[in-house]
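Just so you know, all these numbers are worked out from the coordinates, no wet-lab data involved. Predicted model only: the values in this text are computed from it and were never measured. Positions of Cβ are backbone-derived with ideal geometry, glycine not excepted, and every protein chain shown enters the neighbour counts.
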């Protein structure tokens, strides 16, 4: 179960649909959980929500939450989720999707990918190796933020 362990007694009834095996949470419940994760910098709850949204192919709905967690708390996984949601917004593999994107969107995605790596998230480092190769290092994240700003 994805959300077991994050609920107090008052929350248990709100998460009942999910914890009893129904994989669909009500929108109000999801919003309450998102607000709690963002208000309290609750990385564990945030990651469980991210898993829920991404496993249910609802990444675009989760993008604002990921952006808030990434920007407000410098959360490495949230930075990666922003990249992931943007890169997988097409049916193409991320590297091909990046090639097809307009330059601003591509630079924004790469900014969050590299920032995630700079913050120590291992999956980001793997993805960077896939894009640039193992022998090359990408520019710093701020480089792509500057390109995005132009």
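Only residues of region 97-118 count here: report those whose backbone N is under 19 Å from the spot 7 Å along Cα→Cβ of residue 74, or say none. Counting backbone N atoms under 19 Å from the label point, the list is 111-118. Computed from the Cβ-Cβ distance with R0 of 25 Å, the FRET efficiency linking residue 28 to residue 56 stands at 0.90.
Put in line by how crowded their Cβ is, counting other Cβ atoms within 10 Å and starting with the fewest, 131, 85, 114 read 131, 85, 114.
The separation of region 127-150 from region 26-105, counted between C-alpha centres, amounts to 20 Å.
Here residue 39 and residue 146 are evaluated by their C-beta separation; at R0 = 30 Å the FRET efficiency comes out at 0.45.
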